[in-house]
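J.: Here it is: the structure, laid out below.
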Amino acid sequence: MNAETAYARCEEITRREAKNFSYGIRLLRPPERRAMSALYALARRIDDIGDGDLAPPDKLAALDGVRAELAVLSPASDDPVIAAVADAAARYPIPLSALEELIDGCEMDVRGTTYETIDELVVYCRRVAGTVGRLTLAVIGSSDMATAVPLADALGVALQLTNILRDIVEDRAMGRVYLPAADARAVGCAPDLTGPITALVAFEARRAREWFDRGLQLLPLLDGRGRACVSTMAGIYERLLVHIEREPEAVTRGRLSLPTSEKLIVAARGLAGAWR
């Protein structure tokens with residue numbers, strides 16, 4: 001498939017589906033933006049399998065199908081997403097192992113994995129979001145990759161913990177419980193989240209803040225546009241965390257989201273700060 005056609009399809013998916021991610025990648029140069037759109041489109045496909053209506057065995061089979069496609073990645077594929085990812089992987093040092101880990105994380109969701117400790121939850125967060133940090137870093141580059149990779153991973157954990165807190169009611173309705181049972185018991189909450197959870201949300205928000213404090217140390221290691229992209233993506237979730245920190249019970253009333261105006265402010269600040 002023609003690379004331009006494949007990338008155009010991925011950019012269309014990103015514009016339509018990416019609620020927060022797209023604000024950051026818009027700030028990249030066109031080649032990097034196309035590569036990030038390809039990676040997003042594949043990640044979206046994996047996530048949609050996990051969240052879809054198929055029975056668990058069929059979801060696992062579908063995820064195995066994605067693994068098989070990654071094993072023979074080719075820009076000549078008739079699938080525009082696979083073709084675009086293959087082209088991007090030829091242009092950038094994209095760690096395909098991170099895409100495998102992303103599938104591993106999705107499989108944990110399909111199997112209904114629950115978490116006793118924060119260390120167990122961090123394993124999941126690294127797979128579903130730390131991987132995205134590492135993939136992003138492979139495209140945008142860094143002045144010190146050895147230092148940057150674990151920081152990108154940490155930033156991904158921060159974003160995923162915030163995402164878990166934001167979606168706590170929606171996930172509970174789907175039978176998914178991510179917050180560690182040991183933490184719930186420590187603050188007097190039911191591990192299955194059937195009772196009041198405000199204390200647990202506040203406790204885990206402090207954990208997310210610690211991961212943000214570490215992960216945001218990545219920004220000085222990025223160039224101007226890369227820093228603008230990451231600071232915008234991270235900034236949107238960090239603003240969500242601020243709202244949760246201020247009012248932990250807000251997440252019990254439904255899914256929190258930032259208004260478009262606030263997202264644009266975060267993007268503008270990220271762009272302005274990129275060349276300081």
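Bear in mind these aren't lab numbers, they're just calculated from the coordinates by the rules spelled out. Quick caveat, the model's predicted, so the values are computed rather than measured. Cβ coordinates were reconstructed from backbone atoms using ideal geometry, including for glycine residues, and neighbour counts include every protein chain displayed.
J.: So how far apart, in nm, are the two label points at Val72 and Thr198 if each is 7 Å from Cα heading toward Cβ?
T.: 5.7
J.: In addition: Decide, for the chain, between rounded, prolate and oblate: order the square roots of the alpha carbon gyration tensor eigenvalues as a ≥ b ≥ c, take rounded if a/c falls under 1.5, and otherwise choose prolate if a/b is larger than b/c, else oblate.
T.: Oblate, since a/c reaches 1.5 and b/c is not below a/b.
J.: Would you mind calculating the gained length between Met174 and Arg16 on full extension (0.36 nm times residue separation, minus the Cα-Cα distance), in nm to one decimal?
T.: 54.5 nm
J.: Follow-up. Could you tell me whether the range 1-52 comes out rounded, prolate or oblate from its Cα gyration tensor? Rule is a ≥ b ≥ c as square roots of the eigenvalues, rounded for a/c under 1.5, then prolate if a/b exceeds b/c, otherwise oblate.
T.: Verdict is oblate for the range 1-52.
J.: Report the charge-dipole magnitude of the chain in Debye, nearest 20, computed about the Cα centre from +1 at each Lys and Arg Cβ and -1 at each Asp and Glu Cβ.
T.: Approximately 1100 debye in magnitude.
J.: Another question, if that's okay. Taking only Cα atoms, what is the 0 to 90° angle, nearest 10, from helix 224-246's long axis to the longest principal axis of the chain?
T.: 20
J.: Using Cα-only point scatterers and the Debye equation, what is log10 of I(q)/I(0) for the range 114-276 at each q in 0.13, 0.15, 0.19 Å⁻¹, rounded to two decimals?
T.: So the normalised log intensities work out to -0.62, -0.80, -1.16.
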